[in-house]
Amino acid sequence: MKLTIIFSIIVLSSVSLASSIGAENIDHVKKFKQTKQCPGCDLSGADLSGLNLRHANLQGADLSGASLGGSDLTKANLSGAILTGANLDSTKLIGANLSSARLNSAYMGYAKLMDANLKRASLINADIARSNFTGADVTGANFNGVRCDTYTGLDGSASAAWCK
């Protein structure tokens, strides 16, 4: 009997804690979708795929594990954002500010990063297959262990120099 009561308390506490954590995330996601402004927000694990997010402000936001596939983040501010493990498949990041962003282990296949600012960004173990970096500023960026077959390099030519 006591074991059943203890187990019930543990289960109810876990559900209650998970609900309160999720509620905060939901508020951030809702705010961001309405305003496209959410610097420093926790959007980790959020589904933001296929959205028009042009000129969005996500400076310093936590987007780890988020799905942004097919979204348009042209001219967005993602400086200092955490995009570890994020899905950026076919995402438009044209002219976006990704300076000091963490893109470690992110999937960036077919992403368009033309003229993007990637100064001091970390792309360790990211998958950049078929991505386009034409005109991007990658000064001080870390491409250690990136995975790709080819990508379009800074000068617009097909390249594999960063590929492992």
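Considering the conditions (1) modelled with pLDDT of 95 or more; (2) touching a strand residue (DSSP E or B) at 6+ places or on another chain (Cβ under 7 Å); (3) of a type in the set (A, V, I, L, M, F, W, C), Ala158 is excluded by exactly one of them, (1). If you filter the stretch 42-97 down to residues that are among the hydrophobic types (A, V, I, L, M, F, W, C) and in contact with a His (Cβ under 7 Å, 6 or more places away or on another chain), you find that the one that is nearest to Ser131 (Cα to Cα) is Ala76. Looking only at residues in the stretch 30-73 that are among the charged types (D, E, K, R) and out of contact with any strand residue (DSSP E or B) (no Cβ under 6 Å at 6 or more places or on another chain), the one that is surrounded by the fewest Cβ atoms within 10 Å (Cβ to Cβ) is Lys30.
The values are calculated or read from the model by the stated rules, or taken from the named source; none is laboratory data. Bear in mind the structure is a predicted one, so any value in this text is a computation, not a measurement. Positions of Cβ are generated from backbone atoms using ideal geometry, with glycine treated the same way; all protein chains shown enter the neighbour counts.
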